[in-house]
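Reviewing the structure listed below.
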Amino acid sequence: MITTTYVPGNSFLHKTDPRIKTILLLTTVPLFFFPLSITAMIMILILLTGTAIYSLGFSRFLQPIKMILPILVFVTILTPPFIRGGDAILSIGETVILTTEGITQTLRLILRFSGITLSFYLFFATTSINYFILTLNWFKLPYRVALIVTIALRYIPYMITIYNNIKDAHKLRGNDYNKKKLKEKLNSIFPTLVSVLIHAIKLIPALSMALELKGIGLETKRSTYSVIVSSNLALQIITSGGIVLLTILIALFI
């Protein structure tokens with residue numbers, strides 16, 4: 001199970017100390033839950049977007065957006081009719097369909113979900129899983145807890161890869177989803193999901209043996225072959241502090 005979201009690169013974000021990136025992540029994500037103005041949320045999202053494009057490229061930046069696009073579409077369609085506050089924009093008879101508050105709250109949800117998704121994607125796309133474990137250990141998180149977190153994070157992209165491989169195998173057998181109607185597509189997805197579930201169950205023994213080889217269950221003190229080594233750590237801390245300060249100023253005064 002080696003599939004991860006990590007994208008090898010040589011950008012400034014790849015070179016940044018993972019401990020600093022963890023602090024930046026824990027600083028940025030909570031901001032989207034605060035009652036910020038729409039303008040502030042847009043500016044923070046623009047900052048994240050520019051960082052993602054510069055560090056990973058435009059095509060990589062689009063990957064998480066494509067993944068959450070169906071959710072954003074559902075939010076856009078389903079949220080406005082249930083929010084009645086503000087001035088009415090669209091009405092049918094006496095029934096209000098769309099209001100200014102409905103548009104504002106919908107935009108806020110889209111910006112919040114996009115910002116959180118992009119923040120996590122930036123972190124895990126520029127931080128290898130080994131350094132992530134070392135970072136959690138540096139923050140005094142028990143190794144077993146860190147391992148559970150990393151396995152979960154690895155398992156999600158791995159199962160997505162398995163799903164795509166099985167779907168491609170079904171296409172080779174004449175089961176092409178793109179040429180079917182919606183009802184036929186839904187019926188065709190079920191055998192694919194069953195195949196993914198069976199594959200996941202078969203992985204349990206392999207995962208158990210991998211955990212045993214990692215020393216899970218032993219009482220002896222763990223050792224590690226890797227350490228976090230960062231160059232220009234002082235410069236990174238100053239730069240990161242400036243970014244955090246800028247983000248907080250945007251959140252407070254815009």
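Here are some conditions: (1) in contact with an Asp or Glu (Cβ under 9 Å, 6 or more places away or on another chain); (2) at pLDDT below 80. THR99 meets all but one. Which one does it not meet?
Of (1) in contact with an Asp or Glu (Cβ under 9 Å, 6 or more places away or on another chain); (2) at pLDDT below 80, only one is false for THR99: (2).
Answer yes or no as to whether SER240 is at pLDDT below 70 and either touching a strand residue (DSSP E or B) at 6+ places or on another chain (Cβ under 9 Å) or under 23 Å from TYR131 (Cβ atoms) (or both).
Numbers: at pLDDT below 70: no; either touching a strand residue (DSSP E or B) at 6+ places or on another chain (Cβ under 9 Å) or under 23 Å from TYR131 (Cβ atoms) (or both): yes.
In short, no.
Are any of the residues in the range 58-80 buried (at least 17 other Cβ atoms within 10 Å of the Cβ) and in contact with a strand residue (DSSP E or B) (Cβ under 8 Å, 6 or more places away or on another chain)?
yes
Scan the range 71-80 and tell me whether some residue there is within 14 Å of the chain's Cα centre (by Cα) and either in the same structural domain as ALA251 (by TED's automatic domain parsing) or within 30 Å of PHE12 (Cβ to Cβ) (or both). Spell out how you get there, then give the answer.
To start, the set of residues in the range 71-80 that are within 14 Å of the chain's Cα centre (by Cα) comprises 71.
If we keep only those that are either in the same structural domain as ALA251 (by TED's automatic domain parsing) or within 30 Å of PHE12 (Cβ to Cβ) (or both) too, we end up with 71.
Yes, that holds for at least one residue.
Given the criteria β-branched (Val, Ile, Thr) and not in a helix (DSSP H, G or I), does ILE116 qualify? It would help to see each step written out before you state the result.
Details: β-branched (Val, Ile, Thr): yes; not in a helix (DSSP H, G or I): no.
No; evaluated as a whole, the condition is false for this residue.
Kindly evaluate LEU111 against the criterion of being assigned by TED's automatic domain parsing to the domain that holds ASN10, more than 13 Å from the chain's Cα centre (by Cα) and modelled with pLDDT of 80 or more.
Working: assigned by TED's automatic domain parsing to the domain that holds ASN10: yes; more than 13 Å from the chain's Cα centre (by Cα): yes; modelled with pLDDT of 80 or more: yes.
For LEU111, the condition - assigned by TED's automatic domain parsing to the domain that holds ASN10, more than 13 Å from the chain's Cα centre (by Cα) and modelled with pLDDT of 80 or more - is met.
Using the structure shown, decide if GLY215 is among the small types (Gly, Ala, Ser), surrounded by 10 or more Cβ atoms within 10 Å (Cβ to Cβ) and modelled with pLDDT under 75. Spell out the reasoning first.
Values: among the small types (Gly, Ala, Ser): yes; surrounded by 10 or more Cβ atoms within 10 Å (Cβ to Cβ): yes; modelled with pLDDT under 75: yes.
Against the criterion (among the small types (Gly, Ala, Ser), surrounded by 10 or more Cβ atoms within 10 Å (Cβ to Cβ) and modelled with pLDDT under 75), GLY215 qualifies.
Can you go through ILE44, ILE71 and tell me which one is part of a helix (DSSP H, G or I) and either modelled with pLDDT of 85 or more or not β-branched (Val, Ile, Thr) (or both)?
Numbers: ILE71 fails: either modelled with pLDDT of 85 or more or not β-branched (Val, Ile, Thr) (or both).
Matching residue, one of ILE44, ILE71: ILE44.
The values are calculated or read from the model by the stated rules, or taken from the named source; none is laboratory data. Quantities reported herein were computed from a predicted structural model and do not represent experimental measurements. Methodologically, a virtual Cβ is constructed for each residue, glycine included, from the backbone with ideal geometry; neighbour enumeration extends over all protein chains shown.
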